[in-house]
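Let me begin by presenting the structure, written as structure tokens, before commenting on it.
The values are calculated or read from the model by the stated rules, or taken from the named source; none is laboratory data. These numbers come from a predicted model, not from an experiment. We work out accessible area using only protein heavy atoms, side chains counted, and drop any ligands, DNA or RNA first. Shrake-Rupley method; radii C 1.70, N 1.55, O 1.52, S 1.80 Å.
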Amino acid sequence: LRRSRAVFYAWLTLATVVVTSVLTYVATRGADSARWKREQKSRWDARKLEALADYADAVKLVLTRSWDICGSMGLGTSVSPTSREVGGPWLRDAESARGSKFEVVQLLANPQTIEAARAWHTAVWAVSDIAMGKTTATQHDLDVLWAECFAARDAFHAAARADLRVGLSRSDQD
């Protein structure tokens, strides 16, 4: 009888060790998996933030170059008016850079952010077309386009913040 009790307790101890080991393994694996997922999401969110910020800078540069050229035409209130001959190549370079930055946005951002980005650069193109002489405009026309550019910028910022989940409570992010 003593021997059978000793065997029983030995098996009970072994079973406890095995169950504890399995539970520890499962818990550790689950925690590691959750940590890995958080790290991956964080890494992509950082890349997305960088891509959206770079794109915004590129669009603003296109708008600034366009505004400076318009200023040399007597439109707008540019603090550094630049002739089309001098500013044109700068504007083309800025537009080329914007296009490259937009490609990255299309790879990383959600559809709403991509659409807002497209609307913003489309609004900026209208000012750029005036600067490059593709269309003509009055001061009033340019002021309306300028306001549309800033409204489109604000919409892009709102979409980007939603895409990045900036300003959401923790329960909204899950």
Solvent-accessible area of residue 102 with every protein chain in place, 1.4 Å probe, in Å² to the nearest 10:
20
Defining a contact as two alpha carbons under 8 Å apart and six or more residues distant in sequence, what relative contact order in percent does the chain show?
22
So, in the chain, how many Lys pairs have Cα atoms under 22 Å apart, if the pair is 8 or more places apart or on different chains?
6
Please determine, in degrees from 0 to 90 and to the nearest 10, the orientation of helix 111-131 with respect to the longest principal axis defined by the Cα atoms of the chain, where the helix direction is its Cα long axis.
20
Quick one: with all protein chains in place, what share of the accessible area of segment 12-162 is carbon or sulfur, to the nearest percent (1.4 Å probe)?
61
What span do the alpha-carbon atoms of the chain cover on each of the three principal axes, reported in whole Å from largest to smallest?
108, 28, 24
Could you provide, to the nearest whole Å², the per residue accessible area of segment 1-102 with probe 1.4 Å?
70
Karplus 3J(HN,Hα) series, Hz, for segment 145-150 with 6.51 cos²θ - 1.76 cosθ + 1.60 (x for Gly, Pro)
5, 4, 5, 5, 4, 6
Kindly write out, for segment 51-68 in residue order, the coupling ³J(HN,Hα) from the Karplus curve 6.51 cos²θ - 1.76 cosθ + 1.60 (θ = phi - 60°), rounded to whole Hz, with x marking Gly and Pro.
5, 5, 5, 4, 4, 4, 4, 5, 5, 4, 5, 4, 5, 5, 4, 5, 5, 5
What helix-only [θ] at 222 nm does the chain give? Using -39500 (n - 2.57) per DSSP H run of at least 4, over all residues, to the nearest 500, the answer is -30500 deg cm²/dmol
Using a Gaussian network model of the chain with C-alpha springs under 10 Å, which one of 80, 66, 128 is most mobile by mean-square fluctuation?
80
